[in-house]
Structures are given as C-alpha cells and as structure tokens.
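The values are calculated or read from the model by the stated rules, or taken from the named source; none is laboratory data. The structure presented is a predicted model; accordingly, all values stated were derived computationally and were not measured. Backbone-built Cβ (ideal geometry, glycine too); neighbour counts: all protein chains shown. In case anyone asks, the SASA skips ligands and DNA or RNA and just uses the protein heavy atoms, side chains included. Shrake-Rupley method; radii C 1.70, N 1.55, O 1.52, S 1.80 Å.
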Amino acid sequence: MINSHIISSVLHIAHEYDSEEEPWPIEIQDHSGVMHAVSLLPGQMLFYESAKCSHGRPRTFRGRYYVSLFT
C-alpha cells in the first residue's frame, strides 16, 4: 500500500481586523489530537497535512477583509 500525504499551504497576504486583539486563526488538529490555533501575519506561510489533520476557521471573522493564497 502506498502511504500518501497531501500537503497544503496558506500564504497570508493582508487583513484588516476590527481589532488586532481578535485575529482569525486557522485551527488545525495535529496527529496526536491536539488543536492548534495559528494566526498568520502578512508574508507568513503555513504548511500542514490537510488530508489527515482536521482544519478550519470555526470562529466568525470580524473585520473588513482577509486575503490569503491557498495551495
């Protein structure tokens, strides 16, 4: 059997939040079941194993815009 991995990335471009105190993190569950909330700054990129690690943005976005590139 082939062990396959699907790696995804998010490159954060820009955002304008109502308050910098309330970012809009992506939440990713690691292989041990631990949930991590990652808030990216413009220019930062996050890599994660998207096929095996549950992920999403369950919190409500509070701001004018959020721009990122997903691959």
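Of the strands (runs of 3 or more DSSP E) lying entirely inside segment 23-71, those containing at least 2 residues that are open to solvent by 70 Å² or more (accessible area, probe 1.4 Å) and touching a residue at least 40 places away in the same chain (Cβ under 8 Å) span 63-70.
Against the conditions (1) loosely packed, with under 12 Cβ neighbours inside 10 Å; (2) modelled with pLDDT of 95 or more; (3) of a type outside the set (Val, Ile, Thr), SER4 satisfies every one except (2).
Report yes if HIS31 is at pLDDT below 95 and over 10 Å from the mean Cα position of the chain (by Cα), otherwise no. Lay out the reasoning, then the answer.
Numbers: at pLDDT below 95: yes; over 10 Å from the mean Cα position of the chain (by Cα): yes.
It is true that HIS31 is at pLDDT below 95 and over 10 Å from the mean Cα position of the chain (by Cα).
Just name the residue that is farthest from PHE70 (Cα to Cα) out of those in segment 12-22 that are open to solvent by less than 50 Å² (accessible area, probe 1.4 Å) and part of a strand (DSSP E or B).
Checked segment 12-22; the qualifying residue farthest from PHE70 (Cα to Cα) is TYR17.
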